[in-house]
Structures are given as structure tokens and as C-alpha cells.
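Accompanying notes for the structure given below.
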Amino acid sequence: MCFSTEKTISSTPLYRNLVVVAIPSIGIAMFKLDPYITEVLMRDLVGHDRRPASFLVYIWFTAEQQNYGQQRRGSVTISYQELAESIGISKSSAQSAVAWLIRRKLLAAIKATVTSTPEYKALTPWKSRSPRTS
């Protein structure tokens, strides 16, 4: 027990206990997020473009590619409805977010046929740029 000699309103001594919170590791797969995504891309998509759903969709595809990249060859096949349910947005928001990411060249979509479910791949154009010379 540790008694405090500090003056308090109460006449009873203060007991200071350490609270220890134990968080067991249960094998949850975590993905590594490129700092560019949070430092630049988030501000660009959410702040400048005013498309927060596009940012969520991009992060979801990035995480799926990293977590399941070996089984899926680095791409993800998913319908708009499944994507919307996975992220928690409407189907139309998922459609417009995917279209915006493709337009911004942050996402590539490949279809085997016109009516087939697309295969998506999150792109990282900032990694392929050559460093600027001053």
C-alpha cells in the first residue's frame, strides 16, 4: 500500500493502484499502411475531393490485397453490393467511389466479360514516380 501525504478534501488517505490491462494476442491479421495513404491521400480524397467513401474503398482494397495477396494474386474480385456491405456504405456510394478511384488511377478494374464481376487491384502510383530533382 502506498499512502499519499498530499492534502485532500477527504480525510481518508489516497490509495494509488496501478491498473494493468492485458490484451491477449489472438492472431488478428494486421496490414501495414503506407504513410503516404494517411499523410497525403486521405487529405486529398476526403478534404479536397470531398469523397470519404473513396478513401474507405481504397483502404479496404489495400487491406484485402495485403491480407490475401498470395491466394488472390494481389487482386480482389467483388461485386458492388458485397463491397458496400463490407465497408458499411450504400451500393451507389461504392459504385461512385470505385469509379472515382479508377478515374484517379488509384484502382484498376479488369473484367473477363461485360457482365462478369470485376477484378480490382489497388494501385500505388506514388511509389513508381521518380524522385524530383531540384
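Rule-based calculations on the coordinates, nothing more; no lab input. Keep in mind it's a predicted model, so treat the numbers as computed, not measured. We place every Cβ from the backbone using ideal geometry, glycine too, and count neighbours over all the protein chains shown.
If the Kirkwood radius is taken over C-alpha pairs of the range 35-128, then at 10 °C and 1.306 mPa s the Stokes-Einstein diffusion coefficient equals 118 µm²/s. With +1 on the Cβ of every Lys and Arg and -1 on the Cβ of every Asp and Glu, and nothing else charged, how large is the dipole of the range 35-128 about its Cα centre, in debye rounded to the nearest 20? Once rounded to the nearest 20, the dipole reads 280 debye. Between Val46 and Arg103, residue separation times 0.36 nm minus the direct Cα-Cα distance comes to 19.0 nm.
Residue ranges 90-100, 43-53 sort as 90-100, 43-53 when ordered by packing (mean number of other C-beta atoms within 10 Å per residue, highest first).
Our estimate of slack between Thr117 and Thr77, defined as 0.36 nm per intervening residue step minus the Cα-Cα distance, is 13.7 nm.
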